[in-house]
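The values are calculated or read from the model by the stated rules, or taken from the named source; none is laboratory data. Here the structure is a predicted model, which means the values were calculated and not measured. All Cβ positions, glycine included, derive from the backbone under ideal geometry; neighbour counts span all protein chains shown.
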């Protein structure tokens with residue numbers, strides 16, 4: 001936009017409207033500028049003003065015309081059609097976009113050259129340092145995971161720090177930006193903060209050294225009583241109701257409020273934090289904590305739900321708070337659960353009671369960890385049949401609140417994937433070895449610092465085998481769908497993977513599930529200087545995410561021989577039929593278990609508290625009015641439909657296989 005100097009007449013009119021300037025020559029205005037809506041304004045340094053033509057319609061129907069009233073501006077550019085009034089101190093060193101409304105704010109300034117939160121070091125997982133993550137606007141859960149955990153590759157960590165610092169310095173400035181269509185009202189001090197388009201800040205106490213990456217597709221809301229220091233808040237997030245953040249990164253579509261307090265913590269896509277406290281946590285996608293008495297400390301989580309009173313301890317009163325722990329994806333804690341770090345809990349496991357023995361159940365996923373008399377008892381695989389686990393897997397994709405087309409985190413929602421199924425293979429092997437070492441008749445088996453009852457071990461083996469059948473069968477059916485084969489050779493040709501990538505170990509990098517070989521290749525490229533930008537690193541992770549199913553089949557194909565004893569180049573239609581029959585049995589069997597688990601929610605015991613003053617019949621009727629009846633419950637009907645659909649899918653493939661003479 002081109003600006004002109006004020007005319008003598010305009011200067012006189014502004015003076016008559018109680019305006020002052022250190023040097024009127026340094027106040028420039030847009031071509032069609034009018035003095036009509038500028039009153040009680042003090043100008044200092046270089047000030048540029050747009051036009052004031054529009055009205056704002058506020059809640060309750062009141063109208064306010066754009067303009068400047070009771071404000072001091074120092075080195076400020078004001079875009080078209082802004083309304084800025086009642087600034088108690090001043091606004092200094094800001095570019096303000098168009099159609100922005102700022103009212104009743106204490107102070108808005110940039111003091112010297114600022115990086116706006118970029119490059120801030122967050123001492124995640126270890127409060128005493130050593131796993132610091134440098135935050136930036138472009139930080140994804142996956143880059144942060146590497147930065148925090150891959151300390152065994154110091155050259156990689158140095159490169160990532162350099163890349164982040166380069167980005168932070170490139171975007172450093174002595175002038176802050178407040179975007180278009182921004183609202184800032186009834187707010188205290190805002191210092192060294194960059195504010196994106198369509199952001200709404202209402203009643204915040206203090207914001208300092210940060211970036212609020214709001215945009216038209218995914219506005220950010222900062223609410224009453226909020227205090228944020230050294231922070232970055234990503235698009236679509238809400239930070240409200242007295243939340244206090246110090247050295248924190250908040251990812252896309254997160255919700256933090258109800259006096260939640262966090263320090264040195266990272267929250268990635270779709271996290272929710274209310275009432276409780278976080279210290280030095282790495283909250284991967286969908287980490288949820290709602291309760292006042294819950295403390296999450298020095299832990300790594302994702303797809304996690306923390307029960308009320310959940311607590312961890314990272315301090316043994318020796319060398320300080322140096323211990324850390326991991327709850328792998330989908331783990332949950334019940335009310336009043338406690339874990340003494342260091343510990344590692346396997347994926348989709350449930351933690352109940354107080355655990356002080358530093359167990360590592362990462363190769364026994366879908367387990368219950370139950371404490372009895374200070375001993376951790378492990379029930380492997382039992383969570384596979386839980387209605388809660390299935391419901392969780394269905395709800396996460398529906399609860400993805402990200403509306404920004406540029407998604408920072410690549411999230412894989414699959415319950416069964418090479419990552420979890422490889423652990424089931426290992427878990428099965430562990431359980432078989434335990435049984436062999438201690439004998440089939442042992443009442444209790446010891447695994448690390450946990451105990452496994454004989455009946456739990458037997459069930460665990462069965463659950464893992466069912467899940468492996470289900471995963472491999474799913475993969476085979478998907479691979480062979482929609483094609484009519486004339487011979488076993490055609491089947492073998494179709495089964496052959498499209499790529500060699502996918503064999504070997506897989507990793508879950510905070511929501512992204514990928515072959516370790518691909519991740520290592522990217523990290524080597526970063527170490528050797530072939531990849532030097534955050535955007536390129538995120539794009540590489542995006543590529544891995546996009547190729548997930550191609551890589552998954554390579555892994556599954558290799559496991560057919562290990563699990564079924566079939567040589568891939570000798571597979572026949574009859575072998576496929578056998579795999580699908582076992583798959584059908586597993587899928588339907590697992591669904592039946594889930595169905596029975598759901599039924600417990602409709603038992604007479606679950607009706608306790610219903611039908612307050614009446615008979616058993618009234619109790620049942622009250623329960624039905626509130627919860628519905630079992631057979632028409634949406635989840636139950638979905639399970640029955642799933643059995644029907646999957647059976648038909650298996651039968652269809654078996655029918656195609658039977659057409660082949662072989």
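Which of the residues belonging to the range 150-167 are touching a helix residue (DSSP H, G or I) at 6+ places or on another chain (Cβ under 6 Å) and free of Cβ contacts under 8 Å to residues at least 12 places away in the same chain?
none
Which count do you get for residues in the range 108-129 that are over 30 Å from residue 77 (Cβ atoms) and either touching a strand residue (DSSP E or B) at 6+ places or on another chain (Cβ under 8 Å) or in a helix (DSSP H, G or I) (or both)?
Summing the residues that are over 30 Å from residue 77 (Cβ atoms) and either touching a strand residue (DSSP E or B) at 6+ places or on another chain (Cβ under 8 Å) or in a helix (DSSP H, G or I) (or both) in the range 108-129 gives 6.
When you check residue 309 against the structure, is it on the phi > 0 side of the Ramachandran plot, more than 14 Å from the chain's Cα centre (by Cα), in a loop (DSSP other than H, G, I, E, B) and without any contact (Cβ under 8 Å) to a residue 24 or more places away in the chain, yes or no?
no
Specify which of the listed residues (236, 273, 251) is under 13 Å from the mean Cα position of the chain (by Cα), surrounded by 24 or more Cβ atoms within 10 Å (Cβ to Cβ) and at positive phi.
Just a single option satisfies the conditions, and that option is 236.
Check the range 443-465 and report whether any residue there is more than 30 Å from residue 359 (Cβ to Cβ), free of Cβ contacts under 8 Å to residues at least 24 places away in the same chain and assigned to a loop (DSSP other than H, G, I, E, B).
Within the range 443-465, not a single residue is more than 30 Å from residue 359 (Cβ to Cβ), free of Cβ contacts under 8 Å to residues at least 24 places away in the same chain and assigned to a loop (DSSP other than H, G, I, E, B).
Report yes if some residue within the range 421-434 is within 25 Å of residue 271 (Cα to Cα), touching a residue at least 40 places away in the same chain (Cβ under 8 Å) and not assigned by TED's automatic domain parsing to the domain that holds residue 538; otherwise report no.
Here is the first cut: in the range 421-434, the residues within 25 Å of residue 271 (Cα to Cα) are none.
Among the residues of the range 421-434, not one is within 25 Å of residue 271 (Cα to Cα), touching a residue at least 40 places away in the same chain (Cβ under 8 Å) and not assigned by TED's automatic domain parsing to the domain that holds residue 538, which makes the answer no.
Specify which of the listed residues (556, 521, 535) is without any contact (Cβ under 8 Å) to a residue 12 or more places away in the chain and in a helix (DSSP H, G or I).
Answer to the check: 521.
Considering every residue within the range 50-69, establish whether at least one is farther than 20 Å from residue 180 by Cα and either assigned to a strand (DSSP E or B) or more than 48 Å from the chain's Cα centre (by Cα) (or both).
no
Answer yes if at least one residue in the range 130-149 is touching a helix residue (DSSP H, G or I) at 6+ places or on another chain (Cβ under 9 Å) and assigned to a strand (DSSP E or B), and no otherwise.
yes
Please verify whether residue 468 is touching a residue at least 40 places away in the same chain (Cβ under 8 Å), over 30 Å from the mean Cα position of the chain (by Cα) and buried (at least 19 other Cβ atoms within 10 Å of the Cβ), treating the condition exactly as stated.
Taking the combined requirement at face value, the residue does not satisfy it.
Among the numbered criteria (1) crowded, with 18+ Cβ neighbours inside 10 Å; (2) touching a residue at least 24 places away in the same chain (Cβ under 8 Å); (3) not in a helix (DSSP H, G or I), which one does residue 384 miss?
If we test residue 384 against (1) crowded, with 18+ Cβ neighbours inside 10 Å; (2) touching a residue at least 24 places away in the same chain (Cβ under 8 Å); (3) not in a helix (DSSP H, G or I), just (3) comes out false.
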